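Reviewing the structure listed below.
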Amino acid sequence: HVFLEIAKSSKYYHRLTRAMIEQSFEYLTNQKYEFSINVSLQDIEQPDFLDFLTQAIKKYKVCHQLVIEIVESESLGNYESIYEFVKAIKLIGCKVAIDDFGSGYSNFEHILKLSQYIDYIKIDGSLVKNITQDTTSYRVVKNIKAFCDELGIKSIAEFVADEAIQNEIQALGIHYSQGYFFGKPHNELLNQNSKN
């Protein structure tokens with residue numbers, strides 16, 4: 001996270017973003033894995049970013065594997081550009097996720113307007129990691145899950161660090177989990193059956 005914040009404040013951020021997208025797409029082309037990339041409002045508001053992204057998706061033929069995660073924790077003030085971006089991404093066959101939902105901003109009204117285009121809502125890890133000790137976190141996670149169900153959106157719990165948290169997530173009926181309980185980041189893709 002430290003690197004990302006430094007990169008965002010530099011003039012190289014957009015070049016780094018594009019290089020990472022190209023390298024990720026090239027690496028994962030012709031693979032069976034679904035994968036995601038995070039996109040910020042700063043990316044979306046770049047005048048030629050959508051053109052760059054759609055051309056890269058077509059070039060590497062990754063549209064059916066790709067989930068575009070829109071980082072919700074940022075102050076998503078310009079929802080008009082987000083609507084247009086999301087609609088365009090859905091038209092070419094990608095999935096869309098709202099990342100870090102519940103992390104402080106979480107404007108439910110805007111999510112309602114976008115709901116027909118959203119495939120996943122990722123529940124912020126700051127809430128998930130505390131659900132076994134903090135009743136407020138538990139209630140918020142439970143309500144976000146109910147909100148997702150009402151809209152027909154799949155829910156994903158972030159920061160699932162241990163079995164106790166995973167048990168709570170399963171009991172709440174959240175669709176997917178991610179976190180160190182399942183594995184830490186690696187340089188190489190792990191076998192789907194692997195537990196490390």
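The values are calculated or read from the model by the stated rules, or taken from the named source; none is laboratory data. No experiment lies behind these values; they were computed from the predicted model shown. The accessibility values were calculated without ligands, DNA or RNA, using every heavy atom of the protein model including side chains. Shrake-Rupley method; radii C 1.70, N 1.55, O 1.52, S 1.80 Å.
Data table
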{"read-out": "Pairs beyond 29 Å (Cα-Cα), from K59/K145; K113/K145; K58/K154; K61/K142; K129/K154; K32/K142", "value": "K59/K145; K61/K142; K32/K142"}
{"read-out": "Whole-Å semi-axes of the chain's equivalent ellipsoid (Cα gyration tensor)", "value": "27, 21, 17"}
{"read-out": "P(r) tail fraction, segment 11-60 - alpha-carbon pairs more than 19 Å apart, %", "value": "24"}
{"read-out": "Full-stretch length increase - Y12, F108 - with 0.36 nm per residue and alpha-carbon distance subtracted", "value": "31.3 nm"}
{"read-out": "Kirkwood hydrodynamic radius of segment 90-167, Cα pairs, Å", "value": "12.9"}
{"read-out": "Residues of the chain: accessible area per residue with a 1.4 Å probe, Å²", "value": "57"}
{"read-out": "Helix-only [θ]222 nm of the chain, DSSP H runs n ≥ 4, -39500 (n - 2.57) each, per residue, nearest 500", "value": "-13500 deg cm²/dmol"}
